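Reviewing the structure listed below.
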Amino acid sequence: MKLDKELFHPSHPQHKLKIEYTEIPFRCDGCKEAGMGLKYKCDACDFDLHKACALAPSMITHHFYKKCEFRFHSNTPGPAMRVCDACRKDVLGFVYHCMRCGFDLHPCCANLPHCLDDGERNLYLSLRVSSTCLRCGGKGLGWSYRSDCKNYTLHVSCVKELLAESWQAICLNLDKNKVRDIQTRIPSLGGTMQSHHRGRLGKVERCCQIAGSAVRIIISAILGDPTAIIAAVVGGFIAK
């Protein structure tokens, strides 16, 4: 799809927004979530929108919720705090909301691909967790990505937490030891997995390697630009 180089957006009527590509994390002024890659920006006002937020259609459907019609809202509908049903994070800005069923989706979550390819295997978006998440060890609520072999699962919310930790390290310019702590989070899943799979260390190690690769590509999708370049850039702060 060909993208407009410039556009007016009702959330920022003062100036046109220009499309640009960045490998520096930013906070979207629409949904208030993290972003990277393609965005629409006003340089004069330091105003940024995810591509998904800038080009959000007024109404969408989603195959997970076949009875729902999600309408776009620039602010949270109603007085109560709302939570995205995909990532279980608070809705602080732009959102898709189904009035009939009460479901909410961040624009980038609504655009998460059904299938991701990390170069070696496929990762499938799932509405319900059928196996425990490698990050938190639980099932819980919210969407997840699972491997095509169904041997491991990662919550979208857990990957967002890893992203937030790495982003803090980048933005606050933490010392190398702090960054190194974050970089080892995915390999450290091995300790948790070993306690559940004693005598099967080879399988645990392979699963941890797969998890590190999966996290990088899932982060790309969460940031609104599922490309291998973004995965590699952010992955350097997440796992080795």
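I need a count of the residues in segment 76-100 that are at pLDDT 90 or above, open to solvent by 60 Å² or more (accessible area, probe 1.4 Å) and more than 20 Å from Glu161 (Cβ to Cβ).
Residues flagged as at pLDDT 90 or above, open to solvent by 60 Å² or more (accessible area, probe 1.4 Å) and more than 20 Å from Glu161 (Cβ to Cβ) within segment 76-100 amount to 2.
The conditions are (1) in contact with a Lys or Arg (Cβ under 8 Å, 6 or more places away or on another chain); (2) under 21 Å from Trp143 (Cβ atoms), and Leu38 fails exactly one of them. Which is it?
(2)
Contact list please: Cβ distance under 6 Å, first residue in segment 40-53 and part of a strand (DSSP E or B), second residue hydroxyl-bearing (Ser, Thr, Tyr) and surrounded by 12 or more Cβ atoms within 10 Å (Cβ to Cβ), pairs at least six apart or on different chains.
Qualifying pairs under 6 Å: Leu49/Tyr40.
If I go through segment 1-38 residue by residue, how many of them are more than 15 Å from the chain's Cα centre (by Cα) and closer than 22 Å to Lys160 by Cα?
6
Output the residue which, of all residues in segment 110-150 that are touching a residue at least 60 places away in the same chain (Cβ under 8 Å) and either part of a helix (DSSP H, G or I) or among the small types (Gly, Ala, Ser) (or both), is surrounded by the fewest Cβ atoms within 10 Å (Cβ to Cβ).
The selected residue is Gly119.
Taking the options Leu49, Leu7, name whichever one is in contact with a Leu (Cβ under 6 Å, 6 or more places away or on another chain) and either open to solvent by less than 30 Å² (accessible area, probe 1.4 Å) or among the acidic types (Asp, Glu) (or both).
Leu7
Listed here are the residues, each with its yes/no results for (1) among the small types (Gly, Ala, Ser); (2) on the phi > 0 side of the Ramachandran plot; (3) not in a loop (DSSP other than H, G, I, E, B).
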| site | (1), (2), (3) |
| --- | --- |
| Asp4 | no, no, no |
| Lys16 | no, no, yes |
| Gly30 | yes, no, no |
| Gly35 | yes, no, yes |
| Thr76 | no, no, no |
| Cys87 | no, no, no |
| Cys101 | no, no, no |
| Cys108 | no, no, yes |
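Exactly one of (1) among the polar types (S, T, N, Q); (2) modelled with pLDDT of 75 or more; (3) within 26 Å of Asp90 (Cβ to Cβ); (4) surrounded by fewer than 19 Cβ atoms within 10 Å (Cβ to Cβ) is unmet by Gln168. Its number?
(2)
Quick check: is even one residue across segment 57-66 in contact with a His (Cβ under 8 Å, 6 or more places away or on another chain), part of a strand (DSSP E or B), touching a residue at least 24 places away in the same chain (Cβ under 8 Å) and within 21 Å of Trp143 (Cβ to Cβ)?
No; the residues of segment 57-66 include none that is in contact with a His (Cβ under 8 Å, 6 or more places away or on another chain), part of a strand (DSSP E or B), touching a residue at least 24 places away in the same chain (Cβ under 8 Å) and within 21 Å of Trp143 (Cβ to Cβ).
The values are calculated or read from the model by the stated rules, or taken from the named source; none is laboratory data. Note that the structure is predicted; figures quoted are calculated from it, not measured. Cβ sites come from the backbone with ideal geometry, for glycine too, and all protein chains shown count toward neighbours. Areas reflect the complete protein model, heavy atoms only, side chains present, ligands, DNA and RNA absent. Shrake-Rupley method; radii C 1.70, N 1.55, O 1.52, S 1.80 Å.
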